[in-house]
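Undergrad: Below is one structure. I have some questions about it.
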Amino acid sequence: MSAKRIKKDFDKEQMYLKIMPTFAQAAPKGESAGAASSAPEGPVAEAEGKLILHNFMEDMLLRKLDRVMEMLRCCRCERCKKNVMAAALNALPCAYYVAEPGEEGLIIERLSKEKEIQITAALIKAAQKIKAEACH
């Protein structure tokens, strides 16, 4: 029987740097890479190349949200909209893209064709669930 060596302690910051190297490089000196809470939300521009990092699924859900909620006669208050968005985003895989400014349209168009049915189905299921469990 071979002896397995298990390392219980590991350096979490070093592991984060291996997983998220671009974020670690963009962090100003003196800040650790673990300071993700100070990262801006929405599209993030890197200092050197002005690349945009964004979640495609969130954009597409926002575009379809009102139409689906109206079609299903759901409450369209802010809380219900956010609950539907959260439920739908949790059901869908993430689809982040990195692009230079101006390239976003091509990437979004390509991803839209691939994911449109999946996004609409997730939105309908989420809206039905929130409508049935309305908390107000």
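FYI, it's all coordinate maths here, none of it is from the lab. Keep in mind that what you see is a predicted model, and the values were worked out from it rather than measured. Using ideal geometry, Cβ is built from the backbone for each residue, glycine included, and neighbour counts are taken over all protein chains shown.
Undergrad: Give me the Kirkwood hydrodynamic radius of the range 42-136 in Å, from all C-alpha pairs, to one decimal place?
TA: 14.2 Å
Undergrad: Is the range 93-136 rounded, prolate or oblate when judged by the Cα gyration tensor, a ≥ b ≥ c being the square roots of its eigenvalues, rounded requiring a/c under 1.5 and prolate requiring a/b larger than b/c?
TA: Taking the square roots of the gyration eigenvalues as a ≥ b ≥ c, the range 93-136 is prolate.
Undergrad: Turning to a different aspect of this structure: If a paramagnetic tag sat 7 Å from the Cα of Met71 along the Cα-Cβ line, which residues of the range 121-136 would have the backbone N under 17 Å from that point?
TA: Residues passing the 17 Å test: 121-131.
Undergrad: In nm, to one decimal, how far is the modelled label at Leu51 from the one at Glu114, with both set 7 Å along Cα→Cβ?
TA: Result for the modelled spin labels: 1.7 nm.
Undergrad: Taking the simple approach of a point 7 Å from Cα along Cα-to-Cβ for both Cys94 and Leu62, what is their distance in nm?
TA: Distance between label points: 1.8 nm.
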